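Written below as structure tokens is the structure these notes are about.
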Amino acid sequence: MPKVAGESFKTLLPAACGRTPRRVGVANWNVFPHVLFEDLKSAAPRAELVPADDLLLRVQMIKTDAEIPCIVEAYRITEAAMKAALRAAQPGRREWELEAVARSKMVLSGAEGMSYPAWVCSGPTPR
């Protein structure tokens, strides 16, 4: 695999912290890419690396006045898409058809895209 040129934690940490930190919180600890983790360890070999998911979640819970209308609009669009998919649900409909109904309703209601994949799961699970 070819090396990618650019920033590394060796340059980012001192620039962001003013020095190499003694303790580094890592958010998304359980899915943080190994190659980045190794780069982080080599940039701060004496630093304590700790999970920071709880800290990040507490910060993300704080919403500004500008964010709240966006959240309300996202809920409005999501609710409209769910109602459209439920109205379209009937025996014999394929899961992908219901997902298409929901996705279409989202886009037609003003969504720019989907923040995560939409799943429609129904019926018996094949073994």
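Potential lengthening of the chain between Arg46 and Ala15 amounts to 9.4 nm, from the contour at 0.36 nm per residue minus the alpha-carbon distance. The alpha carbons of region 9-60 give a radius of gyration and a Dmax of 11.1, 29 Å, in that order. A straight chain from Tyr75 to Glu7 at 0.36 nm per residue would run longer than the Cα-Cα distance by 20.7 nm. Report Rg/Rh for the chain, rounded to two decimals, where Rg is the Cα radius of gyration and Rh the Kirkwood radius. Taking Rh as the inverse mean 1/r over Cα pairs, Rg/Rh reads 1.15. When the GluC sites (Glu not before Pro) in region 51-104 are filtered for DSSP coil states and for at most 15 other beta-carbon atoms within 10 Å of their beta-carbon, no site remains. For Lys10, which lysines qualify as cross-link partners when the Cα separation must be under 24 Å and same-chain residues fewer than eight apart are set aside? Filter leaves Lys41.
Laboratory data are not the source of any read-out in this text; all were calculated from the coordinates shown. Here the structure is a predicted model, which is why all the values come from computation and not from measurement. A quick note on method: Cβ atoms are made from the backbone with ideal geometry, for glycine too, and the neighbour counts reach across all protein chains shown.
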